Amino acid sequence: MTSEPLQEARAFEAQYGPHIPDRERPLFHATPAIGWMNDPNGFSLYKGECHLFFQYHPYSNEWGPMHWGHLKSRDFLHWERLPVALAPDQDYDAFGCFSGGAVELPDGRQLLMYTGVRRGHNADGYLQDIQTQCLAIGDGVDYEKYPGNPVLTVDDLPQGGSAIDFRDPKLWREGDGTYRAAIGNRTEDDSGAILLYRSADCLHWEFVRTLDCSCNRYGKMWECPDFFPLDGRQVLIVSPQEMDPEGLEFHTGNGTVCLIGDCEPGSGNFVRRHAQAIDYGLDFYAPQTLLTADGRRVMIAWMQNWASAGAKPAHCRWFGQMTLPRELSVRDGRLYQVPVRELEHYRKGCVKHTGVPVSGEVSLPGVRGRVLDMTVTVRPTGPDLYRWFQIRVAKDEQYETRLQYRPDEGVLKLDRTHSGLPHDIVHTRKFLVRPGDGAIKLRIILDRFSVEVFVNDGEQAASTVIYTRQEAEAITFEAGGSALLDVEKYDLIFDPKDAP
Ligand code: FRU
């Protein structure tokens, strides 16, 4: 049965979505048909295809009562639009269908678990959220809310757990056919925790244990968890609110943290051994992962930050995009990420320059454009180590986005101050990279409205949205001192006949 709010949302996106011309969107990053998008939800395989749901408010370019939008893909780059999957149409989710996960059931149906939010008055008369976990089951297009909803409530919380902040279940199926859900919560000390639940049938759930908690060290509420084994280690991903900066590792406000540890044999407890930022740029939040049929752990995230989500082009008809999906690995106890290898199918027109001496600002023949995949290696040359190196992209006489590397400090800086965003928000982010004797390798992926940088074969990533006019397509390189430069650049061309 399709409820009226769902029918209305489906009709709205079908009527107005196609009015937005393709050229006003990114070429290969996922965006909503129309209106607002935040977190990826239910990022998973279903019948061999990748399904990506997302937090969605079709009716405006601002956050509002949350629906689940729906896309699917065979290559993580071409996104087919499917009708809105969920609308807030029940008492228990009247304030919104918040983030969650998805799994394929053995009977061939797809099950979604999401946080149903309703609003009630607390003892002081204030309005507050009541968050519970709810299910919807369907065929990959249409979903029925489960009559037994909600399936996890305040009664299923451990001692001291908050019913106001109990959200964002991430689901997976274990090898023995049982299911697990990792869910964000807030504990008595007012900071975040991730709770683990288990189920034999995906309908009846019980609390297992607290996987890890912030104890006020990595921010307050921990949103949007994910939990998975990778390269012999165990990884817990969280998106904390209200973080304190820690040197150049974490920044103020909403951040993302990757906790790498091990599952203790016997007890199965997660023992954390290392914490790092997931993305060191400006726009990245609420990542989720899936496991591909060929065994790759692929991550996607909302390419935005809550603090700057008000800064958008005037009258934009869509707002919010997902990052390029990334393949993850753990090496030397750290998280690595590289663009999904599918991107390589769409690289055309290789331009290569090798060993170019740079001092002052230069541009190179054939190196320009706004939708491309470019790897730049900078090496010192001669006795005088360059003091800084700068790459400017999406550049014309007025605008540019800059990447600046200072080898003596080991600091890379991403700077979109002059990208044309007319809002006084944070525009720069600096982070430490591994000292490489003055050499650094940057893979830079540009789509029309974003820059994503992968440092030293995936040791770090940094993402930012930019809304610079598309005509700004120059790229320059500049050194303070002398450096040698290798550039390998491809245009990214998505011919519909190449779509899988
Ligand atoms: C994270 C988040 C989630 C919540 C959703 C609401 O960005 O705050 O915790 O489920 O957004 O849209």
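The values are calculated or read from the model by the stated rules, or taken from the named source; none is laboratory data. From a predicted model like this one, the values you see are computed outputs, not experimental measurements. Neighbour counts are summed over all protein chains in view; Cβ atoms, including those assigned to glycine, are modelled from backbone coordinates with ideal geometry.
For the stretch 237-252, state whether one or more residues are out of contact with any strand residue (DSSP E or B) (no Cβ under 6 Å at 6 or more places or on another chain), among the polar types (S, T, N, Q) and surrounded by 18 or more Cβ atoms within 10 Å (Cβ to Cβ).
Yes, the stretch 237-252 contains at least one residue that is out of contact with any strand residue (DSSP E or B) (no Cβ under 6 Å at 6 or more places or on another chain), among the polar types (S, T, N, Q) and surrounded by 18 or more Cβ atoms within 10 Å (Cβ to Cβ).
Name every residue in the stretch 63-88 that is of a type outside the set (A, V, I, L, M, F, W, C) and away from the ligand (no atom under 15 Å from the Cβ), in order of residue number. Break it down into steps so the answer makes sense when it comes.
The first filter runs over the stretch 63-88 and keeps only residues of a type outside the set (A, V, I, L, M, F, W, C), leaving 64-65, 67, 69-70, 72-75, 78, 80-81, 83, 88.
His70, Lys72, Ser73, Arg74, Asp75, His78, Glu80, Arg81, Pro83, listed by residue number.
Looking at (1) closer than 17 Å to Met37 by Cα; (2) more than 15 Å from the chain's Cα centre (by Cα); (3) part of a strand (DSSP E or B), which one does Ser329 not meet, given that it meets all the others?
For Ser329, the failing item is (1).
Quick check: is even one residue across the stretch 351-367 farther than 24 Å from Ser450 by Cβ, hydrophobic (A, V, I, L, M, F, W, C) and crowded, with 18+ Cβ neighbours inside 10 Å?
Yes, that holds for at least one residue.
Quick one: which of Arg167, Arg180 is in a strand (DSSP E or B), at pLDDT 95 or above, of a type outside the set (A, V, I, L, M, F, W, C) and away from the ligand (no atom under 16 Å from the Cβ)? Before the answer, list the steps.
On the way: Arg167 fails: away from the ligand (no atom under 16 Å from the Cβ).
Every option except Arg180 fails the conditions.
Any idea which residue in the stretch 89-105 is nearest to Asp39 (Cα to Cα), counting only those that are away from the ligand (no atom under 11 Å from the Cβ) and not acidic (Asp, Glu)? Steps first, please.
To start, the set of residues in the stretch 89-105 that are away from the ligand (no atom under 11 Å from the Cβ) comprises 89-94, 101-105.
Checking the rest, the ones that are also not acidic (Asp, Glu) come to 90, 92, 94, 101-103, 105.
Values: Gln90: 21, Tyr92: 21, Ala94: 19, Gly101: 11, Ala102: 14, Val103: 17, Leu105: 23 Å.
Selected residue: Gly101.
Which number in (1) surrounded by fewer than 17 Cβ atoms within 10 Å (Cβ to Cβ); (2) in contact with a helix residue (DSSP H, G or I) (Cβ under 7 Å, 6 or more places away or on another chain) marks the one condition that Ser60 misses?
(2)
Filter the stretch 146-155 for residues that are buried (at least 19 other Cβ atoms within 10 Å of the Cβ) and not in a loop (DSSP other than H, G, I, E, B) and give the result.
Leu152
If a residue has to be of a type in the set (A, V, I, L, M, F, W, C), more than 24 Å from Met113 (Cα to Cα) and free of Cβ contacts under 8 Å to residues at least 60 places away in the same chain to count, how many in the stretch 223-255 make the cut?
2
Give Gly160, Gly175 a once-over and let me know the one that is free of Cβ contacts under 8 Å to residues at least 60 places away in the same chain, out of contact with any Ser or Thr (no Cβ under 9 Å at 6 or more places or on another chain) and not in a helix (DSSP H, G or I).
Details: Gly160 fails: out of contact with any Ser or Thr (no Cβ under 9 Å at 6 or more places or on another chain).
That would be Gly175, the only listed residue that is free of Cβ contacts under 8 Å to residues at least 60 places away in the same chain, out of contact with any Ser or Thr (no Cβ under 9 Å at 6 or more places or on another chain) and not in a helix (DSSP H, G or I).
Out of the residues in the stretch 287-317 that are farther than 20 Å from Ile425 by Cα and hydrophobic (A, V, I, L, M, F, W, C), which is surrounded by the fewest Cβ atoms within 10 Å (Cβ to Cβ)? Break it down into steps so the answer makes sense when it comes.
Pass one, the stretch 287-317, residues farther than 20 Å from Ile425 by Cα: 287-301, 317.
Filter again for hydrophobic (A, V, I, L, M, F, W, C), leaving 290-291, 293, 298-301.
Numbers: Leu290: 24, Leu291: 15, Ala293: 7, Val298: 20, Met299: 26, Ile300: 24, Ala301: 28.
For the stretch 287-317, the residue satisfying everything is Ala293.
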